[in-house]
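Notes follow once the structure below has been shown.
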Amino acid sequence: MTKFRNPEQPLYFLVRENMLKRLGEGEWEPGERIPTEPELAKIFSVSVGTVRKAIEDLVTEKILVRRARIGTTVALHQEHNQFSTFFNFQSKSGDPLKVSAQLLSFGKTKATKELANIFKLPEKESLIVIDNLRLIHNEPAMYDRIWLPEKLFPQMDRKVFEGRPDSIYALFQRQFKITVLRIYEQIEAINPPDFVQQELKLKKTDASLKISRHAMTYGDEVIEYRHRYVNTSRCRYQNQIGLKE
């Protein structure tokens, strides 16, 4: 593995990339224990310390989970709070949010030029489009319009989506073997569009947030794109950058 290594890249980084490749290929599935550090060191022909550093990075990124007396396993989305990893909101008082969901519509559409470019698909490729309302303490707070490539979610229908027992990303992982690793968001302040106003109890002149999200799996493949409209009187966006001590 080290024969053709770029000297500018740390060895642990190459181990990390190799592990991500194997995860993306399904060699180690969500919830499954990966080989021990000595076993991985032998597989990659590196030291245990190098493997440990690679694993530490993946644990920090919540791709892997260390378990006492069990070992290191591939993270499951339902194992940790669905409103912590990819849910960047809190109440204005700082109290925990009680969040529920309400499906507004579920259907199919054809990819526009913009959506085809985002998903790297041909124009007019079939997409699933979902309108989903999020309520905080039973009051409407967020309106999500979600697009998914139908070819990645062939058995997805209204019943499957609405009947999920946990988060949307847990459904992707459990039923479709697709793990969301990271998200990329762009935020802007706007006046709410007409189709959002009534659902979020906003006036046309009210300020709201529009968040455009790309959700990515292994290989930085975009598997979900959404527009989230937020009534900022119900909650506030928060973001933390940098390593935790």
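Provide a single number: the residues in the stretch 213-245 that are in contact with a helix residue (DSSP H, G or I) (Cβ under 9 Å, 6 or more places away or on another chain), under 30 Å from K120 (Cα atoms) and surrounded by fewer than 13 Cβ atoms within 10 Å (Cβ to Cβ).
1
Can you tell me which of I146, I178, I118 is in contact with a Phe, Trp or Tyr (Cβ under 6 Å, 6 or more places away or on another chain) and at pLDDT 95 or above? Give the steps one after another, and end with the answer.
On the way: I146 fails: in contact with a Phe, Trp or Tyr (Cβ under 6 Å, 6 or more places away or on another chain); I178 fails: at pLDDT 95 or above.
Just one listed residue meets the conditions, I118.
Which condition breaks for K210 when tested against (1) modelled with pLDDT of 95 or more; (2) part of a helix (DSSP H, G or I); (3) surrounded by 15 or more Cβ atoms within 10 Å (Cβ to Cβ)?
So K210 meets the others, but not (2).
Condition (residue is surrounded by 12 or more Cβ atoms within 10 Å (Cβ to Cβ), free of Cβ contacts under 8 Å to residues at least 60 places away in the same chain, in contact with a strand residue (DSSP E or B) (Cβ under 8 Å, 6 or more places away or on another chain) and assigned to a loop (DSSP other than H, G, I, E, B)) applied to the stretch 148-156: is it met by at least one residue?
yes
Conditions: (1) farther than 19 Å from S91 by Cα; (2) surrounded by fewer than 13 Cβ atoms within 10 Å (Cβ to Cβ); (3) modelled with pLDDT of 90 or more. P165 meets all but one. Number of the miss?
(3)
Can you tell me which of Y225, Y229 is among the aromatic types (F, W, Y), touching a residue at least 40 places away in the same chain (Cβ under 8 Å), farther than 20 Å from S100 by Cβ and outside any helix (DSSP H, G or I)?
Y225
Which residues, counting only those in the stretch 185-214, are in contact with an Asp or Glu (Cβ under 9 Å, 6 or more places away or on another chain) and within 14 Å of N88 (Cα to Cα)?
L209, K210, I211, S212, R213, listed by residue number.
Is it fair to say A68 is outside the structural domain of E185 (by TED's automatic domain parsing) and out of contact with any helix residue (DSSP H, G or I) (no Cβ under 9 Å at 6 or more places or on another chain)? Explain how you work it out, then say what you get.
Values: outside the structural domain of E185 (by TED's automatic domain parsing): yes; out of contact with any helix residue (DSSP H, G or I) (no Cβ under 9 Å at 6 or more places or on another chain): yes.
Against the criterion (outside the structural domain of E185 (by TED's automatic domain parsing) and out of contact with any helix residue (DSSP H, G or I) (no Cβ under 9 Å at 6 or more places or on another chain)), A68 qualifies.
Could you tell me whether any residue of the stretch 65-72 is more than 24 Å from R182 (Cα to Cα), among the small types (G, A, S) and at pLDDT below 85?
Pass one, the stretch 65-72, residues more than 24 Å from R182 (Cα to Cα): 68-70.
Within this subset, residues satisfying the condition of being among the small types (G, A, S) are 68.
Cutting the leftovers down to at pLDDT below 85 gives us 68.
Checking the stretch 65-72: at least one residue is more than 24 Å from R182 (Cα to Cα), among the small types (G, A, S) and at pLDDT below 85.
Please work out which one of (1) of a type outside the set (G, A, S); (2) assigned to a helix (DSSP H, G or I); (3) touching a His at 6+ places or on another chain (Cβ under 7 Å) is the condition Y184 fails and give its number.
(2)
Would you please list the contacts, defined by Cβ atoms under 8 Å and residues six or more apart or on different chains, that run from a residue in the stretch 85-109 that is under 27 Å from K151 (Cβ atoms) and at pLDDT below 90 to a residue that is surrounded by 15 or more Cβ atoms within 10 Å (Cβ to Cβ) and not hydrophobic (A, V, I, L, M, F, W, C)?
The qualifying pairs are T85/K62; T85/H77; F86/Y169.
All but one of (1) touching a residue at least 12 places away in the same chain (Cβ under 8 Å); (2) farther than 18 Å from F89 by Cα hold for M142; which doesn't?
All conditions are met except number (2).
In the stretch 168-179, which residues are part of a helix (DSSP H, G or I) and surrounded by fewer than 17 Cβ atoms within 10 Å (Cβ to Cβ)? I'd like the intermediate steps shown before the answer.
Taking the stretch 168-179 first, the residues part of a helix (DSSP H, G or I) are 168-176.
Once the filter is applied, which keeps residues that are part of a helix (DSSP H, G or I) and surrounded by fewer than 17 Cβ atoms within 10 Å (Cβ to Cβ), the stretch 168-179 yields Q175, F176.
Name the single residue that is farthest from the chain's Cα centre (by Cα) among those in the stretch 35-64 being within 19 Å of T179 (Cα to Cα) and not in a helix (DSSP H, G or I).
Here the answer is L64.
Kindly establish whether T205 is under 21 Å from S100 (Cα atoms), part of a loop (DSSP other than H, G, I, E, B) and modelled with pLDDT under 95.
Values: under 21 Å from S100 (Cα atoms): no; part of a loop (DSSP other than H, G, I, E, B): yes; modelled with pLDDT under 95: yes.
So T205 fails the test.
The values are calculated or read from the model by the stated rules, or taken from the named source; none is laboratory data. Note that the structure is a prediction, hence the values are computed from the model and not measured. No Cβ is skipped: glycine too gets one built from the backbone with ideal geometry, and neighbour counts run over all protein chains shown.
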